[in-house]
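Remarks on the structure that follows.
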Amino acid sequence: MSAFPHLLAPLELGFVTLRNRVLMGSMHTGLEETGDWGRVARFYAERAEGEAGLIVTGGMAPNARGAVVPGAAGLFSPADIAGHRRVTAAVHAAGGRIAMQILHAGRYALAPGCVAPSAVRAPISPHVPVALDEAGIEAELDDFATAAARAREAGYDGVEVMGSEGYLLSQFLVSRTNRRTDSWGGSFENRMRFAVEAVRRVRESVGSDFILIFRISLADLVPEGASWEETARLARAVEAAGATLLNTGIGWHESRVPTIATSVPRGAFAWLTARLAGEIRVPVIASNRINTPEAAEAILASGGAAMVSLARPWLADARFVAKARAGRARQIAPCIACNQACLDHTFSGRLTSCLVNPGACHEAELELRPVRRARRIAVAGAGPAGLAAALTLAERGHEVTLFEAADRIGGQLQLARRIPGKEEFDGLIDWYLEMLRWRRVRQRLGRVATAAELAGYEAVVVATGVTPRRPAIPVEPGAAVVSYAEVLSGQAPAGPRVAVVGAGGIGFDVAEFLVHDGPSPALDPALWAAEWGVGDPALHRGGLASEGARPVPPARAVTLMQRRSEKPGRGLGKTTGWIHRARLRAKGVRMLAGVSYERITPEGVWILRDGAPLLVPVDTVVLCAGQEPRAGLARELAALPAPPEVHVVGGAASAEGLDAKRAIDEGTRLGARI
Ligand SMILES: Cc1cc2nc3c(=O)[nH]c(=O)nc-3n(C[C@H](O)[C@H](O)[C@H](O)COP(=O)(O)O)c2cc1C
Ligand code: SF4
């Protein structure tokens, strides 16, 4: 019997049967905006081949006003249908089913003239929306119905009406954004009218044998958000108006509580879906941070949801269900919820991809072709760049030997996994281990490969990574100065008062590591909820605890410093930087910008701030002041009398802007080329 009987069970919807319980959640990838519908079709068809039970497209606006950014794809006119038809045909040919999400951004549309129930500006937008009048509301509702009819014409199996995350429907639902006094505002009956009417008109326009999903917000996580009673009422009303399935969403975009980041516990909100399931008859779908078949199976087996939505995990691995069904669950590339190549890209206008799988949304460009002749290739260094290169080369058929100086693979991933809230890196290292075995990559761990022994290979990939940079700050005898690598690996202890020199990504991670003690909130949902002030929406409107956030006191007093005068943490991830800044603020971390370092003494760090000398009294100083390429091996190989073909990749090539995303991307691309 399969290890995932609930996940693999078909779901009967009356007029159609879904082949399993896994929905590929909606993601606006930017692919549609390339205008290359063949590329969009291939992206979705590969996920259909990977046995997604039902795919939901990224949000498509029903009209230009509702587009998240000007020029975003939609289904505004009959002319748009042809492109969508290529997608549905490809998905159906691959044995899958696909629904189109209709998303009207309302006041989140980043354009002047955006519309909303009331003229209340979103804190994340510069534009004050125009309040819709009665005729405007009617026109918007008609456009929902028209878009749905066009979706049916384009061959979709259904539509999802986006009713959460703070977009137009959410804006009607709560008094935070709906200040109207007419029949579309005031009482909850009136506030929910727009959402219910949208569902009713969509159902009317598509007929009864078409999937209609309503994505409902279970916790808005903003002040004046919905109460649970209102959410339950809305659920019953949209069910009565014709919804086939209720998908769930958590948090508005403007919420100050993380909802999908890696520090959010797996399945953190599934308990709310279970409660919703008790309110209605149609199947409900659990969403957010469900990234393994085991986690999905547990939610389904508990009866708390009829389906699970996995969005980013389908970027990390297009064959998620196929591998789970074939007993190869350990080979599913894990989504580590970093957002680095997906949401960060989407929000900065770049094409979505995936840190773990750079081929996501680049399917044609990064096609791995089997090699005509297998070559003997050595990869020196089993950090992210070396691992990605070794696996890609082996997958294409080369004979690969991987050398690593440490006694285990991972390189800097081994340091990242020690940061509280980054435990998902464990899964990534486990996956690499499993895949090296599966692809029969020979591992030579615990020894430094010399140029002489590598000379016998046909090609050598130098992926020896980086060493921490030691900045030129005078250090007096007796001062405790250590590198980030020494602290994170446990080689060097830190005292009760610590200065972190350098406030880049590593500096923030080290500060998080140092203020933390006890269980990681990412592994303890109750602790996580207390730290972020998340409460039960049945007791606290919007799911924000009335007592506010209750962070655990810091384990150490930490001062984080940087030379640059800009706000510390500006260079962190677009969609996650605020989370790291908020965490450190909550832990009382002192952040100093525009600092020049004078000297480090046993008393602490002497700095100049605004021209005046200042002592930051600490017991330990941790250096996070950048990295240098470890390029010695490449030089030694080049100096050999008959050097092999040498490729240098990742941090060994350049330490500038190095992170796991760049390292894996470079390793994969090199592996696809040799
Ligand atoms: C790149 C990206 C784009 C997204 N675009 C949409 C969207 O257009 N509509 C929507 O309802 N949700 C969107 N989401 C949210 C996902 O549907 C999902 O709720 C979220 O990623 C959490 O689920 P996961 O942990 O399974 O990824 C997007 C998420 C990502 C990462
Ligand atoms: S980039 Fe990170 S969060 Fe996004 S899909 Fe890949 S692993 Fe998941």
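The values are calculated or read from the model by the stated rules, or taken from the named source; none is laboratory data. Since we're looking at a predicted model, the values are computed, not measured. So basically every Cβ, Gly included, is an ideal-geometry build from the backbone, and we count neighbours across all protein chains shown. Keep in mind that these areas ignore ligands, DNA and RNA; they rest on the heavy atoms of the full protein, side chains included. Shrake-Rupley method; radii C 1.70, N 1.55, O 1.52, S 1.80 Å.
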Any aspartates and glutamates with Cα under 12 Å of the Lys422 Cα? List them, leaving off those in the same chain fewer than 8 positions away.
-> Asp509, Glu512
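If you count the DSSP beta bridges with both ends in the chain, what percent of them are antiparallel, to the nearest 5?
The answer is about 20 percent antiparallel.
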Computed label-point distance, nm, for sites Lys574 and Glu399 using a 7 Å Cα→Cβ extension | 4.5
To the nearest 0.05, how large is the calculated FRET efficiency for Ser77 and Val371 if R₀ is 41 Å and r is the Cβ-Cβ distance?
-> 0.30
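In region 11-346, what percent of the accessible surface is made up of carbon and sulfur (1.4 Å probe, ligands and nucleic acids excluded)? Before the final figure, lay out each step's value.
On the way: 5460 of 10370 Å².
Reported share for carbon and sulfur atoms: 53 percent.
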Looking at region 433-540, which trypsin sites (Lys or Arg not before Pro) are DSSP coil and have at most 16 other C-beta atoms within 10 Å of their C-beta?
-> Arg440, Arg447, Arg469
Identify, among Ser164, Gly397, Thr576, the residue whose Cα sits farthest towards the positive end of the charge dipole of the chain, taking +1 on the Cβ of Lys and Arg and -1 on the Cβ of Asp and Glu, with the dipole about the Cα centre.
-> Gly397
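Residues of the chain: accessible area per residue at 1.4 Å, in Å²? Can you show the working numbers first?
Working: 25590 Å² over 674 residues.
About 38 Å² of surface per residue is accessible.
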Fully extended, how many nm does the chain gain between Ala406 and Arg469 (0.36 nm per residue separation, minus their Cα-Cα distance)?
-> 20.7 nm
Angle between the chain longest axis and helix 505-515 axis [Cα atoms, degrees, rounded to 10] = 90
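Rounded to the nearest 500, what is the chain's calculated 222 nm mean residue ellipticity when only DSSP H runs of at least 4 contribute -39500 (n - 2.57) each, over all residues? Spell out each step's value before the answer.
Details: 22 runs with 205 residues, N = 674.
Result for the chain, helices only: -8500 deg cm²/dmol.
Scan the chain and report its longest stretch carrying no GluC sites (Glu not before Pro) that are both in a DSSP loop and have at most 11 other Cβ atoms within 10 Å. List each step's numbers first, then the result.
Working: sites that count: Glu365, Glu367, Glu547, Glu566, Glu656.
Longest gap between qualifying sites, sites excluded: 1-364.
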Which of Asn190, Gly38, Gly327 sits farthest toward the positive end of the charge dipole of region 11-346, with +1 on the Cβ of Lys and Arg and -1 on the Cβ of Asp and Glu?
-> Gly327
Built amide H within the under 5 Å cut-off of Ile102, gap 5+ | Met60, Glu160, Val161, Met162
If the label point is 7 Å along Cα→Cβ of His92, which residues in region 201-220 have backbone nitrogen under 16 Å from it?
-> 209-211
Can you list the residues, at least 5 places off or on another chain, whose amide H is less than 5 Å from the amide H of Ser483, using H built in the peptide plane?
-> Leu623
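For region 530-674, what does the relative contact order come out to in percent, with C-alpha contacts under 8 Å and a separation of six or more?
Numbers: 157 pairs, mean separation 18.0, N = 145.
Worked out over region 530-674, it gives 12 percent.
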A chain fully extended from Ser489 to Glu598 at 0.36 nm per residue, minus the present Cα-Cα distance, gains in nm 36.5 nm
Nitroxide proxy distance, nm - points 7 Å out along Cα→Cβ at Ser302 and Arg236 = 2.5
From the phi of every residue in region 166-183, what ³J(HN,Hα) in whole Hz does the Karplus formula 6.51 cos²θ - 1.76 cosθ + 1.60 yield, where θ is phi - 60° and glycine or proline is x?
-> x, 6, 3, 5, 4, 4, 6, 6, 10, 5, 3, 10, 10, 9, 6, 10, 8, 6
Taking the Cα-to-Cβ direction at Glu628 and at Leu539 and moving 7 Å from each Cα, how far apart do the two end points lie in nm?
-> 5.6
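Under a Cβ-only charge scheme (Lys and Arg +1, Asp and Glu -1), can you give me the dipole magnitude of the chain about the Cα centre, in debye to the nearest 20?
Working: 76 positive and 69 negative charges, 220 e Å.
The dipole of the chain has a size of about 1060 debye.
How much length is gained if the chain between Leu615 and Ala326 is pulled fully straight, taking 0.36 nm per residue apart and subtracting their Cα-Cα distance, in nm to one decimal?
Working: separation 289, 0.36 × 289 = 104.04 nm, distance 6.12 nm.
So the chain would gain 97.9 nm between Leu615 and Ala326.
For the chain, which semi-axes, largest first and in whole Å, follow from the square roots of 5 times the eigenvalues of its Cα gyration tensor? Before the final figure, lay out the partial values.
Working: eigenvalues 392, 210, 92 Å².
Sorted largest first and rounded, they come to 44, 32, 21 Å.
In percent, how large is the relative contact order of the chain, given Cα pairs closer than 8 Å and 6 or more residues apart? Spell out each step's value before the answer.
Values: 1571 pairs, mean separation 82.6, N = 674.
Here the relative contact order equals 12 percent.
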What list of ³J(HN,Hα) values in whole Hz, one per residue of region 123-140 in order, does the Karplus curve 6.51 cos²θ - 1.76 cosθ + 1.60 (θ = phi - 60°) give from phi, with Gly and Pro shown as x?
-> x, 9, 9, x, 9, 7, x, 8, 5, 5, 8, 4, 5, x, 4, 4, 5, 4
Interchain or sequence-distant (5+) residues whose placed amide H lies within less than 5 Å of the amide H of Ser217 are Gly249
Any idea which of Ile55, Ala631, Gln412 is furthest toward the positive side of the dipole for the chain, if Lys and Arg beta-carbons carry +1 and Asp and Glu beta-carbons -1?
-> Ala631
With x for Gly and Pro, the residue-by-residue ³J(HN,Hα) of region 659-674, computed from phi through the Karplus equation 6.51 cos²θ - 1.76 cosθ + 1.60 at θ = phi - 60° and given in whole Hz, is 8, 4, 4, 5, 4, 5, 4, 5, x, 5, 5, 5, x, 6, 9, 6
